[in-house]
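Just so you know, all these numbers are worked out from the coordinates, no wet-lab data involved. Everything numeric in this text was worked out from a predicted model, so none of it was measured. Using ideal geometry, Cβ is built from the backbone for each residue, glycine included, and neighbour counts are taken over all protein chains shown.
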Amino acid sequence: MENVKENKLPRIYIADNTEDNAVIDYFKNNENYEFVGASFDGLKVVEDVKNLQPDVLVLEVMLAGLDGFAVLDKIKDLKEKMPKIFFISNLSHSGFVTKAVQSGASYFMVKPVSPENLESRINEVIFNGRSQAENKQLDEKISNIFISIGIPAHIKGYQFLREAVKLAVEEPEIIGSITKKLYPTIAERFETSSSKVERGMRHAIEVAWNRGKIENINNIFGLKIYNRNEKPTNGELIALIADKMIMDG
């Protein structure tokens with residue numbers, strides 16, 4: 001799982017051995033997350049994670065039945081549906097930390113864990129440091145530009161282009177690897193092929209230019225960048241909009 005599916009709250013499951021748990025209470029009442037369950041029994045955690053498919057799994061090393069590492073080993077067959085793993089534990093031995101990282105965990109945090117600090121670490125991983133509200137705001141800004149320049153929201157290329165702009169905001173250098181990295185990344189997220197991603201984006205740009213809203217893009221960027229007979233490449237349009245998102249903050 002590369003990222004949380006767009007426009008959905010990240011689903012979080014907490015596997016901890018502490019019954020009076022401030023972390024569980026915090027995420028149960030957190031409007032930025034969908035709390036889907038909790039357990040201190042390793043076997044139940046495996047079953048729940050496979051059935052509920054959370055985006056985030058907060059995992060204690062010491063659990064009943066199966067320890068955290070055994071849980072992680074048993075859910076690895078989820079592959080692309082594998083949640084992001086955040087280990088928390090009283091056990092701070094360097095061997096545990098190394099094993100957690102080598103097992104694919106995003107973080108290992110030593111108890112006591114502040115719920116707010118844990119949320120910040122989760123945001124760093126799944127939103128590249130942005131909160132859910134900030135991520136939604138970025139989506140809205142990109143969508144507003146697409147609508148203004150005539151890219152209809154119902155076509156697949158709209159979704160591909162929006163995801164591409166977000167990737168370029170997070171990782172500007174990806175523009176230099178359009179075919180090798182950007183298209184394949186989007187293709188994986190939408191379970192399609194790189195060639196279909198490229199064609200979908202091209203179709204979206206063709207539709208926008210055929211609608212004759214070229215002046216809108218010039219107005220948005222304050223420059224006469226394109227005329228009626230000039231269409232940007234996929235990469236040019238993505239880079240242009242991503243740069244504006246970065247400059248606007």
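For region 108-114, 3J(HN,Hα) computed residue by residue from phi via the Karplus equation (6.51, -1.76, 1.60; θ = phi - 60°) reads 10, 10, 8, 5, x, 9, 6 Hz, glycine and proline entered as x. By the count of neighbouring beta-carbon atoms within 10 Å, fewest first, D139, D16 end up ordered D139, D16.
What is the order of V71, V169, fewest Cβ neighbours within 10 Å to most?
On the way: V71 24, V169 21.
Ranking V71, V169 by Cβ neighbours within 10 Å, fewest first, gives V169, V71.
Once backbone amide H atoms are built at 1.01 Å from N, F35 has I12 as its partners under 5 Å, excluding neighbours fewer than 5 places away on the same chain.
Sort 234-245, 178-189 by the packing proxy (mean of other Cβ within 10 Å over each peptide's residues), most packed first.
Details: 234-245: 20.0, 178-189: 17.8.
Top of the packing list down: 234-245, 178-189.
Computed on region 130-195, with alpha-carbon pairs under 8 angstrom and 6+ residues apart, the relative contact order is 20 percent.
Could you tell me which of the pairs K50/K111; K84/K166; K74/K99; K8/K141; K196/K231; K8/K244 are separated by over 22 angstrom between their Cα atoms in the structure shown? Walk me through the intermediate numbers first.
Values: K50/K111 26 Å; K84/K166 20 Å; K74/K99 15 Å; K8/K141 17 Å; K196/K231 19 Å; K8/K244 25 Å.
From K50/K111; K84/K166; K74/K99; K8/K141; K196/K231; K8/K244, over 22 Å: K50/K111; K8/K244.
Assuming a ≥ b ≥ c are the square roots of the Cα gyration tensor eigenvalues, decide whether region 107-193 counts as rounded (a/c under 1.5), prolate (otherwise, with a/b larger than b/c) or oblate. Judged from the Cα gyration tensor, region 107-193 comes out prolate (a/c at least 1.5, a/b above b/c). Per-peptide packing, taken as the mean over residues of other Cβ atoms within 10 Å, places 48-59, 195-206 in the sequence 48-59, 195-206 from highest down.
Once backbone amide H atoms are built at 1.01 Å from N, N17 has no partners under 5 Å, excluding neighbours fewer than 5 places away on the same chain. Derived scalar couplings between HN and Hα for region 45-54 equal 4, 4, 4, 5, 5, 5, 7, 8, 6, x Hz in order, rounded to whole Hz, by the Karplus curve 6.51 cos²θ - 1.76 cosθ + 1.60 (θ = phi - 60°), x for Gly and Pro. Excluding same-chain neighbours fewer than eight residues apart, the aspartates and glutamates reachable from K156 by a Cα-Cα span under 20 Å are E2, E6, D139, E140, E188, E191, E198, E206, E236.
Of the peptides 103-109, 160-166, 41-47, the order by per-residue mean of other Cβ atoms within 10 Å, starting with the highest, comes out as 160-166, 41-47, 103-109.
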